[in-house]
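In what follows, a structure is listed as C-alpha cells, so that the remarks can point back to it.
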Amino acid sequence: QVRLVESGGGLVQAGGSLRLSCVASRNIFSLNTMGWYRQAPEKQRELVMTITTGGTISYADSVKGRFTISRDSAKNTVYLQMNSLKPDDTAVYYCYANWWGTTYWGQGIQVTVSS
C-alpha cells in the first residue's frame, strides 16, 4: 500500500508559478514511477509529468519548457515546479505512483490560474 499526500496548490495569476509537493508513505526509489496527472472540469485525467526510478521523464507537450519534476529521497517527496502558468493549466492535480503494477493516487489538489 502506498499513500500519497499533495500540497502546494492554490490560485495564481497567469504567468505566475506554483510548486506542488507529493509525500509518499514509502521510499520513493522503491516506486517504479511517480509523478503528476491533472483533470480539468469535464475532461479526462491526463498526464502532466512523471519520472521513473531510473530518472526517465515523461510529460505532456503542453507543459514542455514550463514544468519540471524533481524528487528528494530523504523526504520521500516528489515536486512539480510549474512556471509560466496559463489558464488552461487550471485543474485538479493528482499525485501518481506505480508500484509493481499497482497504481496509487493522491486525493488531488486544486490549481487555478486566473487570466
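Tabulated values for the structure
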read-out: Region 27-77: Cα Rg divided by the 2.2 N^0.38 Å rule of thumb; value: 1.23
read-out: Unit charges on C-beta of K, R, D, E only; dipole of the chain, Debye; value: 200
read-out: Average projected area [Cα convex hull, the chain], square nanometres; value: 6.6
read-out: Mean projection area, nm², convex hull over Cα of region 1-52; value: 4.8
read-out: Two-site label geometry, Q39 and D72: point separation in nm, points 7 Å out along Cα→Cβ; value: 2.9
read-out: Estimated FRET transfer efficiency when R0 is 30 angstrom, pair N98-L11 (beta carbons, to 0.05); value: 0.50
read-out: Segment S58-S115, extension gain: residue separation times 0.36 nm, minus the distance between their alpha carbons; value: 17.8 nm
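Readers should treat all values here as calculations from the given coordinates under stated rules, not as data from a laboratory. Small disclaimer: the values here were computed from a predicted structure and weren't measured. All Cβ positions, glycine included, derive from the backbone under ideal geometry; neighbour counts span all protein chains shown.
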